[in-house]
Amino acid sequence: FQLEWGNLILASLVCSTVSEVDVFSPQYGIGNEELLPSRSTSLNISNIFYGIMFDAGSTGTRIHIYTFMQKSSAEPPHLDNEIFESVKPGLSAYVDQPEQGAETVRGLLDMAKQTIPSTHWSSTPVVLKATAGLRLLPEQKAQALLSEVQELFEESPFLVPDECVSIMNGTYEGILAWVTINFLTGQLYDQNQRTVGILDLGGASTQITFLPQAESTLKAASEKYISPFEMFNRSYKLYTHSYLGFGLKAARLAILGALGGKDESRMYRSSCLPPSLKAEWKFGGINYKYGGMAEEVTGFQSCYAEVLKVIREKLDQPAEIRSRTFYAFSYYYDRAVDTGMIDGDQGGIILVKDFEMKANKVCEALTETNTGSPFLCMDLTYITALLKEGFGFYDHTELQVRWRAYSGTTVWLFRSHYKTGEGIPPTPFSPLAGSTHKSVLVRGGPHQGAEGIRELPRCQATLLSVG
């Protein structure tokens, strides 16, 4: 598995820090055509281009509308603005109504038409990448959903690249998240390769990705979890492991004993839930009845015992991760914000034991009136067990908890249109046979960039989700 920089470019979004990018979610309607661009109004319109990214997760579908600016032909473009909006539930909830699922995407696509100038529609790529929510569905049903979305895109006025609607596997998710955050934090330029690891907890799956420093880690790991590639004239051997079925919401089903269950009349119970609770929850197109255990002992210890049955000896535990720095995203962030452990805007540093302390506090108060999520005790306990018993982190391990790996959970990849007809392979990580040069692909005419880098003309943008 080779990643040749001749094929790919992590575009100039990495030239901006997260704080330099405007992210907003306005109310859309007539008269909002000038929302993009927001601030670089002095630029010629030819120096502005856009991209539309749909992130189809297990809990919702998100649209990210990007504005890219290029101040001169001698500089690469940079990410200037992002507009973000989402709808719930996710596409997987429409497993038996694919047309209805596509309609949820249509509403978001109409929003893009209102915000991107019509003069740019035909050159603005639109891409949807689905993650674990659709990976859990039967292949035929997942494909039916994707086909409806593909048809919707082809009817739109936007640019539809090859393979623009697809399911991204867990390995790509982990790799792209790792590349993005390490590029943004400058770790890829560190001569000692002191990179940071990535922990991502979605609804249906969880990923761990890091660059091993110990040879023993590489030897002990299965080959399918080691991804070698080249980038910036360096070779990397990345450890990335995606665990399907170990996302937060899939874990709820497993803890309840409902994973794979289709009997909507059955009541699933857990000591992790308020004792008097009786409720319904829809996930993956199925309604589940669930509740607490009024006659049983509740609290953190009993809940932890239930969770351990789902976690214990199910995940690999590379020893060196205990001394490494990791960034944690998605539901790690959500639950930390929900319980006041970190600031919602800035994120923060959390010790593994902080999750356990908060879980203990929440679970011991299950009998009290709680206006929050009835799953909060279960979720916090699961996160605690996942980190400690699953991955093997120490109590004092620090985690940098953030909302997402990068604005829009997106890595931009540029595919060149060569006049000779030679194109870049559509597979995200295919090597370019015989390639020896390191290319940066930007929109515009041919020009010379940094020393030792040849820049190629005329590009279209293709997007890949990492969240």
Open item on the list: Kindly evaluate residue 366 against the criterion of being surrounded by 19 or more Cβ atoms within 10 Å (Cβ to Cβ) and more than 15 Å from residue 328 (Cβ to Cβ).
Closed with: yes
Task: Residues of the stretch 319-334 that turn out to be more than 13 Å from residue 387 (Cα to Cα), in contact with a Ser or Thr (Cβ under 7 Å, 6 or more places away or on another chain) and open to solvent by 30 Å² or more (accessible area, probe 1.4 Å), as a count - done: 0
Task: Options 294, 258, 254; residue that is outside any loop (DSSP other than H, G, I, E, B) and among the small types (Gly, Ala, Ser) - done: 254
Task: Search result, residues across the stretch 261-273 that are in a loop (DSSP other than H, G, I, E, B) and over 18 Å from residue 305 (Cα atoms) - done: 261, 262, 263, 264, 265, 266
Open item on the list: Please go through (1) buried (at least 17 other Cβ atoms within 10 Å of the Cβ); (2) polar (S, T, N, Q); (3) more than 18 Å from residue 373 (Cα to Cα) for residue 301 and return the number of the only condition it doesn't satisfy.
Closed with: (1)
TODO: Read through the list (1) over 25 Å from the mean Cα position of the chain (by Cα); (2) open to solvent by less than 50 Å² (accessible area, probe 1.4 Å), then give the number of the only condition that residue 361 fails.
DONE: (2)
Task: Members of the stretch 109-118 that are open to solvent by 10 Å² or more (accessible area, probe 1.4 Å) and within 20 Å of residue 86 (Cα to Cα) - done: 110, 111, 113, 114
Open item on the list: Of the conditions (1) touching a His at 6+ places or on another chain (Cβ under 9 Å); (2) free of Cβ contacts under 8 Å to residues at least 12 places away in the same chain, residue 316 satisfies every one except a single condition; which number is it?
Closed with: (2)
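The values are calculated or read from the model by the stated rules, or taken from the named source; none is laboratory data. All values reported here derive from a predicted model rather than from experimental measurement. Every residue, glycine as well, gets a Cβ built from its backbone with ideal geometry; the counts of neighbours run over all protein chains shown. Ligands, DNA and RNA are stripped out before the accessible areas are found, and what is left, the full protein with its side chains, is counted by its heavy atoms. Shrake-Rupley method; radii C 1.70, N 1.55, O 1.52, S 1.80 Å.
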